[in-house]
Amino acid sequence: MDNSIIYIATTPQQAFRIQEVLKKMQLSFPIYNAYGNDAVAIAKQMVNQNHTRVIVSRGGTVDRLRKNLNVPVIDIRHSFIDIYLSMERALKISDRIAIVGYPNMCAEAMRYKKIMGKSVEIVAVTSDAEFEDAIIALKARGIELIIGGMQAISAAQRHGMLFVPGDADENAITYATHEALTMLRIENERLEQYQAIQAILNYTIEGILQVDANGNIIHINNNARQLLGHDKDSIVDTQLERWAVNTLNNGSIYVNQLIELNGIPIILNCIPITVKSSTVGAIITLQREEDIITLDHKIRHKNAERGYVAKKNFSDIVSCSDSMDKLKQKAMQYARSDSTIAIYGETGTGKEVLAQSIHNHSPRARNPFVAINCAALPESILESELFGYASGAFTGARREGRAGIFELAHRGTVFLDEISELSTNVQAKFLRVIQEKEISRIGDDRIIPVDVRIIVASNKRLSDVVKNGTFRADLYYRLSVLELELPPLRERRDDIPLLVKYFLAERGLTNTVSFTQDALDLLCIQSWHGNVRELSNIVERILAISHGSTITSQEVVEAIGHSIEQESFLSPCHEDKSKSGPLDEVQKQMVVRALNQAHGNRTKAAEILSISTATLWRKMKKYNLL
């Protein structure tokens, strides 16, 4: 049998009629015959044990059930036809009749009396105790028969009076049943919504409570219950009382308050629930500080998975020169520090490779490495990239806002290339990040702490830019705590053959492609104003136009083009060559040109060529220029 709806009939005749109606409607719900306290006891048992959700009853029992239970109670209402039928039965027995009952029954009785013009006394009572006095008084006035419910009938029996039950007709029971079915559907929908919300609340990492205006707990999820330590019906006498009382009394709002709850650091939010300018309750959220830190780490790790990682190491800095070895040793030493580093060097010398290597050699290696070129973006876009923006900060902004690179690089490293190109407005905000270790997104007033190591790079000396008045001196001193300077490729020409070999290895061509010595020598005499990046591009171009596995000097000349004849520097990788080729003729022309420019002064000619005087003498001897 379906216990979701139960009927509590106040008379046996009423129970019989309810049963007949349910048969016609092809429904199967339990019917109990009780009234008063007995009806309340049955209802409570059915609600608690059998999950009854709607109760149908009649008369004063309805009021009592509603006062004692939190489920909907449907009234089988008294109607004109009920009173008419009861009166027809009573008039066959006696004409000294009184109707005794609660106001809802008596209201219909008054309507009957007015319409039908029958002589009948009507006595309305408001409590069970009044029935006894009403019956005694009626008997004293000569009333012989009582129409009413079980309370009235029981009192009439005790005093030897006649009675007719005031039963409900079929239509009233049918109407009440339809009303009960509608209410059951509403209650089931409400239960589903409640269970869905409760599931969401229980699976969130936050503890959530709802309290009423008196601080009584209306809703509480599992996490909040665990954080409080034990079940509570009220926030009174808990460590939350101070915050909740201020919210309930004054409408105060508390956001991200760090408190301690049972010895655990907790982030508390307390927000008032307001209806028509009155505070009727509050929502309290609780979150362990440890959970927030863990979530933050997960987010940072996710950012690293998106590509905010440093891929280069010191092993990727290819060199055989003493100056580069010393530079790498110094950079490794700097990597252990957390101080800001300024890297100087011409375009293409490998400033970002060095920055990535420092990051991967530092204690921050497992955290994000985020790089940005300050010269590549307009000021407005650069500012949003650096500091992020809140929801709706400007037209075209993402609805959910966006984190800037300082947030994304939390606990890692930020690399700012071409730092000298920052506008003075952005410089001021950047200085605050370094000083306060916190940022504020564009369009937001929240302060977000950040922990980042900053590495900057420039092809200009920042001290020179400061003198020009386009760079803040205070920012310069903050950035230049540690300095590294990458030499241009023309000052370490001996590294060129090693770099060529490295570029071939990157492309998996070490064992399939080789350069002749003349080809390498021809690469060594170039100035490489674009430095390592330019050399990498030229090697890629040579590989694209080459016709075999061996790269010759002719293919180098074809790849480099007319620029080979415009070079004014010479520092050979190999001095003694018995073999003669295009390189010899080019080098001879460059030596002759340098001597002419120096008017025969070998020292000046050697300076023009960026070689020693001894090397110049050997070249002059080789080319019969002495």
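The values are calculated or read from the model by the stated rules, or taken from the named source; none is laboratory data. Since the structure is predicted, the reported quantities are computational estimates derived from the model, not experimental observations. Neighbour counts run over all protein chains shown; Cβ positions are idealised from the backbone, glycine included. Accessible surface is based on the protein model in full, side chains and every heavy atom, while ligands, DNA and RNA are left aside. Shrake-Rupley method; radii C 1.70, N 1.55, O 1.52, S 1.80 Å.
Okay, here's what the table says:
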{"quantity": "Residue list for the stretch 204-227, filter: without any contact (Cβ under 8 Å) to a residue 60 or more places away in the chain and of a type in the set (Gly, Ala, Ser)", "calculated": "215"}
{"quantity": "Some residue of the stretch 512-523 being closer than 27 Å to residue 420 by Cβ, small (Gly, Ala, Ser) and open to solvent by less than 60 Å² (accessible area, probe 1.4 Å)", "calculated": "no"}
{"quantity": "Answer residue from the stretch 127-162, given it is under 21 Å from residue 37 (Cα atoms), open to solvent by 20 Å² or more (accessible area, probe 1.4 Å) and not in a helix (DSSP H, G or I) and is modelled with the lowest pLDDT among those", "calculated": "128"}
{"quantity": "Restricting the stretch 92-118 to residues that are part of a loop (DSSP other than H, G, I, E, B) and basic (Lys, Arg), the residue that is least open to solvent (accessible area, probe 1.4 Å)", "calculated": "118"}
{"quantity": "Helices (runs of 4 or more DSSP H) lying entirely in the stretch 314-390 (those with 3 or more residues that are among the aliphatic types (A, V, I, L, M) and more than 16 Å from residue 409 (Cα to Cα))", "calculated": "322-335"}
{"quantity": "Residue that is surrounded by the most Cβ atoms within 10 Å (Cβ to Cβ) [pool: residues in the stretch 26-50 that are out of contact with any Ser or Thr (no Cβ under 7 Å at 6 or more places or on another chain), in a loop (DSSP other than H, G, I, E, B) and of a type outside the set (A, V, I, L, M, F, W, C)]", "calculated": "30"}
{"quantity": "Any hit, the stretch 332-355, residues being among the polar types (S, T, N, Q), more than 20 Å from residue 497 (Cβ to Cβ) and open to solvent by less than 30 Å² (accessible area, probe 1.4 Å)", "calculated": "yes"}
{"quantity": "Selection status of residue 291, within 23 Å of the chain's Cα centre (by Cα), open to solvent by 30 Å² or more (accessible area, probe 1.4 Å), at pLDDT below 70 and under 30 Å from residue 365 (Cα atoms)", "calculated": "no"}
{"quantity": "Some residue of the stretch 309-316 being within 16 Å of residue 454 (Cβ to Cβ) and among the β-branched types (Val, Ile, Thr)", "calculated": "no"}
{"quantity": "Cβ pairs under 6 Å, 6+ apart, first in the stretch 373-390 and within 23 Å of residue 449 (Cα to Cα), second of a type outside the set (A, V, I, L, M) and open to solvent by 60 Å² or more (accessible area, probe 1.4 Å)", "calculated": "374/421; 388/402; 389/402; 389/443; 390/443"}
{"quantity": "Sole exception among (1) of a type outside the set (Lys, Arg); (2) exposed (fewer than 12 other Cβ atoms within 10 Å of the Cβ); (3) under 24 Å from residue 248 (Cα atoms); (4) within 26 Å of the chain's Cα centre (by Cα) for residue 224, by number", "calculated": "(2)"}
{"quantity": "Among (1) part of a helix (DSSP H, G or I); (2) open to solvent by less than 20 Å² (accessible area, probe 1.4 Å), the one test that residue 194 misses", "calculated": "(2)"}
{"quantity": "All positions within the stretch 1-25 that are over 16 Å from residue 82 (Cβ atoms) and in a loop (DSSP other than H, G, I, E, B)", "calculated": "1, 2, 3, 4, 25"}
{"quantity": "Residue list for the stretch 202-221, filter: open to solvent by less than 60 Å² (accessible area, probe 1.4 Å), closer than 29 Å to residue 55 by Cβ and either assigned to a helix (DSSP H, G or I) or out of contact with any Leu (no Cβ under 9 Å at 6 or more places or on another chain) (or both)", "calculated": "210"}
{"quantity": "Qualifying positions in the stretch 312-330 - open to solvent by less than 30 Å² (accessible area, probe 1.4 Å) and touching a Leu at 6+ places or on another chain (Cβ under 8 Å)", "calculated": "317, 318, 319, 327"}
{"quantity": "Where residue 67 falls short, out of the listed (1) open to solvent by 50 Å² or more (accessible area, probe 1.4 Å); (2) under 13 Å from residue 5 (Cα atoms)", "calculated": "(2)"}
{"quantity": "Single match in 507, 453, 472, 493 (criterion: in contact (Cβ under 8 Å) with a residue 24 or more places away in the chain and surrounded by fewer than 16 Cβ atoms within 10 Å (Cβ to Cβ))", "calculated": "507"}
{"quantity": "Filter result for the condition that a residue is at pLDDT 80 or above and either part of a helix (DSSP H, G or I) or open to solvent by 20 Å² or more (accessible area, probe 1.4 Å) (or both), over 591, 586", "calculated": "591"}
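So that you can scan it fast, the table gives a plain yes or no per residue for (1) over 13 Å from residue 208 (Cα atoms); (2) aromatic (Phe, Trp, Tyr); (3) in a loop (DSSP other than H, G, I, E, B):
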site	(1), (2), (3)
238	yes, no, yes
243	yes, yes, no
249	yes, no, no
287	no, no, no
291	yes, no, no
